Amino acid sequence: MYKPLITSASKKFGNNRWESFSNKLKRNVFLFSDLEYQHWIQIETDPNIIDFCEQALKMEIIEDNKKQFSIIDMWVKYKNGEQLFIEIKYSKDLNKDSVKKQINVQRLWCKANQANHLIKTENEIILNPIKLSNLKLLIRQINNTLGTKEENVEIVEKHIIEQPKSIQEITLETNIETSELINIICILLYNGYIMCDLDTRHIGKNTEVWKICADT
């Protein structure tokens, strides 16, 4: 629906620049701060989000007879059809006049266009190191599926039930090598077919996974 207005060619934007491949969009994405990068990791690995775009839209308003504009950091679309415009800021910057003006433009534009607007700071975005590491692993694994056999994915799915079961148990049941099995588990997690504890333990042979109930 949207295309990024700012890409890596725009050197004047951002101090900490990131360029990463999004499997969800099948293209590179461009992030302009460490906070934007960590936010993208969560967007990329959220199976409830089906589409997104960074630096998606130039919002323009007329106020005090002057044209003002702001480029929003992120647009996201959820499975249920909900759309959201997100501005990402460090909390220490929210009291800066330039930031206040920027957010004012966004809020007025969103109100006029009946769009949802949200400001996210490090308080909502920064993850604990274990979860961050696990989400990065999902992204690496989902981008490394060339050698993954579809029949093995189907076999693994059949061995995951609603009760937690460790990857080691599934290895013994399926005779699939642990490295390939972890790749398959990451694919299933990324697509929202199964769940595991991503917050407190690194993904490995002792990780327990379970099928998502139909009414979850």
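For the reader, a short list of remarks on this structure follows.
- In nm, spacing of pseudo-spin labels at Ile62 and Arg140 (7 Å Cα→C-beta vector): 5.4 nm
- Asp97/Thr200 FRET efficiency (R0 30 Å; Cβ-Cβ; nearest 0.05): 0.15
- Extension gain for Cys213 to Ser166 (0.36 nm times residue separation, less C-alpha to C-alpha distance): 15.1 nm.
- Near Lys67: Cβ cut-off under 12 Å, other residues only, Lys/Arg at +1 and Asp/Glu at -1. The net charge is -1.
- Under 5 Å from the amide H of Ile119 lie the amide H atoms of Glu87, each residue being 5 or more positions distant or on a separate chain, with H modelled from the backbone and absent for Pro and chain starts.
- Counting only aspartates and glutamates at least 8 places from Lys3 when in the same chain, those with an alpha carbon closer than 14 Å to its own are Asp51, Glu54, Asp73.
- The value given for the chain is a Kirkwood hydrodynamic radius of 19.2 Å, derived from the mean inverse Cα-Cα separation.
- Taking every protein chain into account, the accessible area of the chain amounts to 57 square angstrom per residue (probe 1.4 Å).
- Fraction of beta bridges assigned by DSSP in the chain that are antiparallel (%, nearest 5): 85 percent
- Long-range amide H partners of Asp51 with built H, under 5 Å: Lys77
- Projecting label points 7 angstrom from Cα along Cα→Cβ for Glu157 and Phe21 puts them 2.4 nm apart.
- Trp40, Trp210, Trp18, ranked by accessible area, largest first (probe 1.4 Å): Trp18, Trp210, Trp40
- Between Ile62, Asn95, Gln163, the Cα set farthest toward the positive side of the dipole of the chain (charges on each charged residue's Cβ, about the Cα centre) is that of Ile62.
- Farthest toward positive dipole pole in region 113-216 [+1 Lys/Arg, -1 Asp/Glu at C-beta], among Asn123, Cys213, Thr200: Asn123
- The Cα center of region 73-137 and the Cα center of region 35-60 differ in position by 9 Å.
- Size of electric dipole in the chain: Cβ of Lys, Arg +1 and of Asp, Glu -1, about Cα centre, debye, nearest 20: 1080 debye
- Difference of contour (0.36 nm per residue) and Cα-Cα distance, Glu177 to Lys3: 58.6 nm
- Charges were assigned to the Cβ only: +1 to each Lys and Arg, -1 to each Asp and Glu. The resulting dipole of region 1-107 about its Cα centre is roughly 280 debye.
The values are calculated or read from the model by the stated rules, or taken from the named source; none is laboratory data. No experiment lies behind these values; they were computed from the predicted model shown. Heads up, the Cβs are rebuilt from the backbone with ideal geometry, glycines too, and the neighbour counts pull from every protein chain shown. Keep in mind that these areas ignore ligands, DNA and RNA; they rest on the heavy atoms of the full protein, side chains included. Shrake-Rupley method; radii C 1.70, N 1.55, O 1.52, S 1.80 Å.
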